[in-house]
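Engineer: Pasting a structure below so you can have a look.
Since every read-out is calculated from the coordinates, none of them should be taken as a lab result. This structure is a prediction, so every number in the text was calculated from the model and none was measured. No Cβ is skipped: glycine too gets one built from the backbone with ideal geometry, and neighbour counts run over all protein chains shown.
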Amino acid sequence: MSLRLRLSLLVAVLNLGFLAALTWLLIEDHRNSIQEEIEASHRVTVQLLGNAAQTSPVFGPAPTVMVSFLQGLGRVRANDIRLYSADGVLRYSSPPSTYKAGRRAPEWFEALMGPRVEATVITMPGARIEIAPDASRAVLDAWDSMTAIFLLGLAFVAVLHTVLLLLLRHLLRPTEVDARRLVRTTQELAENREVMRLIEAGIEEERKRLSRELHDELGQSVTAIRLIATSIARSSEAPGVAQGAGKVNEIAAGLYDSVHRIVRELRPAVLEQPDLAAALQDLGREWRVRHHDVELVLDLEGDLGDLGEALTLAVFRSVQEALTNVLKHAGASSVRLEVTRGDGRVEACIEDDGQGASAELTVSGHGLVGMRERVVALGGSLEAGPRPDGGFRVRIVLPLPGDSE
């Protein structure tokens with residue numbers, strides 16, 4: 001699976017997770033609001049009709065008085081009121097609501113959002129009153145509100161995902177025309193040192209640009225998603241919402257780590273300042289973390305902090321390629337890296353205790369050939385071969401123009 005596809009899938013999962021968490025948060029908020037509204041309305045209605053039922057016999061036959069009272073009262077919001085005589089005959093039923101008449105939310109949504117409030121029965125001489133909560137209008141309001149917010153959020157997520165995909169395509173997909181041009185130019189001018197130096201500089205500049213764009217654009221977008229998810233998790237009292245937001249944050253953190261690992265591989269931060277010693281020490285630390293089963297001994301001598309960008313990059317990338325070859329082909333248990341400055345030159349020696357040279361190292365554009373082209377472009381030399389006591393050695397020598405040592 002390509003890097004662009006992996007990043008696209010991760011961004012899609014993050015966007016959908018964020019939208020799902022937002023939807024669930026809205027459901028919880030609306031459900032709690034409907035529950036509180038229906039409970040309060042039902043409680044007030046029961047108190048009102050209970051008092052009326054107690055005082056109605058004073059003014060005449062209780063059923064007749066209550067029917068007259070209820071007809072004058074009309075519909076009480078979020079309650080269906082029915083009055084039955086002692087023989088079970090329906091004497092009064094509250095009129096239907098005119099608010100958004102003829103419309104109802106889907107049944108599954110009403111079942112999800114409906115409050116848990118039981119009907120109340122008030123008895124009186126010769127009659128009884130049934131007060132049943134009716135949350136259909138409140139649920140319909142919640143449905144209309146959430147539908148609008150969900151569609152708006154879906155549109156936002158779609159636009160965000162599209163923008164990120166276009167950005168990734170722009171950053172990570174070289175055109176076939178550019179690739180063919182680079183191959184043709186490299187083949188035609190491979191012997192020209194100046195051209196090789198420019199090519200290497202262009203590659204490093206492109207790596208720098210890609211790492212910067214990934215860090216600034218995609219990194220900031222992922223950070224924003226994590227902040228939103230953290231805010232949702234902290235502000236919601238519903239366990240499901242907090243768990244969903246935490247999952248979104250966890251996925252975003254994984255994507256953030258992947259992006260930073262790619263950025264470090266493209267352009268180690270220490271190379272922003274041409275300090276070869278710092279760059280190699282950072283490479284050694286990363287090696288020990290990722291390849292703890294292969295011992296790396298690092299020996300640096302002389303002032304390696306001011307060699308210039310071109311020379312620093314040449315030594316660093318060559319050492320990086322040599323160590324990669326050790327992992328791929330040598331089967332070594334230990335490797336030693338010595339870099340020294342003296343006598344107007346910089347010398348790097350990489351030795352391992354593995355199985356010796358591999359034919360795969362001589363493939364054009366990879367391994368020793370690629371390293372040799374880089375070194376020769378700066379007027380240096382590269383020697384490679386098996387060690388007398390076993391293992392393999394790569395020795396790189398680069399001149400220091402204008403060095404006084």
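Engineer: Can you give the extra length, in nm with one decimal, that the chain gains between Ala224 and Asp144 once fully stretched, where that is 0.36 nm per residue apart less the Cα-Cα distance?
Structural biologist: Extra length from Ala224 to Asp144 when fully extended: 25.9 nm.
Engineer: Averaging the inverse of every distinct alpha carbon separation and then flipping it gives the Kirkwood radius. What is it for region 274-399, in angstrom units? Write down the numbers at each step before the final one.
Structural biologist: Working: mean 1/r = 0.0688 Å⁻¹.
By the Kirkwood definition, the hydrodynamic radius is 14.5 Å.
Engineer: Fewest Cβ neighbours within 10 Å first, please rank Asp352, Asp389, Asp29 accordingly.
Structural biologist: So the ranking, lowest neighbour count to highest, is Asp389, Asp29, Asp352.
Engineer: Can I ask one more? If R₀ is 51 angstrom, what is the calculated FRET efficiency for the pair Arg285 and Thr55, using the beta carbon separation as r and rounding to 0.05?
Structural biologist: 0.05
Engineer: Output ³J(HN,Hα) for region 341-355: one whole-Hz value per residue in order, computed from phi by the Karplus curve 6.51 cos²θ - 1.76 cosθ + 1.60 with θ = phi - 60°, and x for Gly and Pro.
Structural biologist: Along region 341-355, the couplings run 10, x, 6, x, 8, 10, 10, 10, 10, 10, 10, 10, 10, x, 8 Hz.
Engineer: Sum up the charges of everything whose Cβ sits under 9 Å from the Cβ of Ala384, counting Lys and Arg as +1 and Asp and Glu as -1, but leave Ala384 out.
Structural biologist: Value of the local net charge: +2.
Engineer: If you rank Arg341, Arg103, Arg336 by fewest surrounding Cβ atoms within 10 Å, what's the result?
Structural biologist: Details: Arg341 22, Arg103 11, Arg336 16.
Exposure proxy ranking, most exposed first: Arg103, Arg336, Arg341.
Engineer: Modelled label-to-label distance, Arg91 and Asn32, 7 Å Cα→beta-carbon offset: nm?
Structural biologist: Calculated label separation equals 4.3 nm.
Engineer: First measure r as the distance between the Cβ atoms of Lys100 and Ser258, then evaluate 1/(1 + (r/R0)^6) with R0 = 56 Å and state the FRET efficiency to the nearest 0.05.
Structural biologist: Step by step, r from the Cβ atoms, then E = 0.70.
Engineer: Let me ask you something else. With θ taken as phi - 60° and the coefficients 6.51, -1.76 and 1.60, list the Karplus ³J(HN,Hα) couplings across region 12-24 in order, rounded to whole Hz; mark glycine and proline as x.
Structural biologist: Whole-Hz 3J(HN,Hα) from phi for region 12-24: 4, 4, 4, 5, 5, x, 4, 5, 5, 5, 5, 4, 5.
Engineer: Also, quick follow-up: At Arg234 and Arg75, where each label point lies 7 Å from the Cα along Cα→Cβ, what is the point-to-point distance in nanometres?
Structural biologist: Here the modelled spin labels are 4.5 nm apart.
Engineer: Given R₀ = 45 Å, what would the calculated FRET efficiency be for Ala119 paired with Leu9, taking r from the Cβ atoms and rounding to 0.05?
Structural biologist: That gives a FRET efficiency of 0.35.
Engineer: Report the local net charge at Arg104: Lys and Arg +1, Asp and Glu -1, summed over other residues whose C-beta lies under 13 Å from its C-beta.
Structural biologist: Details: positive: Lys100, Arg103, Arg137; negative: Glu107, Glu110, Asp134, Asp141, Asp144.
Here the charged neighbours net out to -2.
Engineer: Report the full-extension gain for the segment Trp108 to Val46: residue separation times 0.36 nm, less the Cα-Cα distance, to one decimal in nm.
Structural biologist: 19.5 nm
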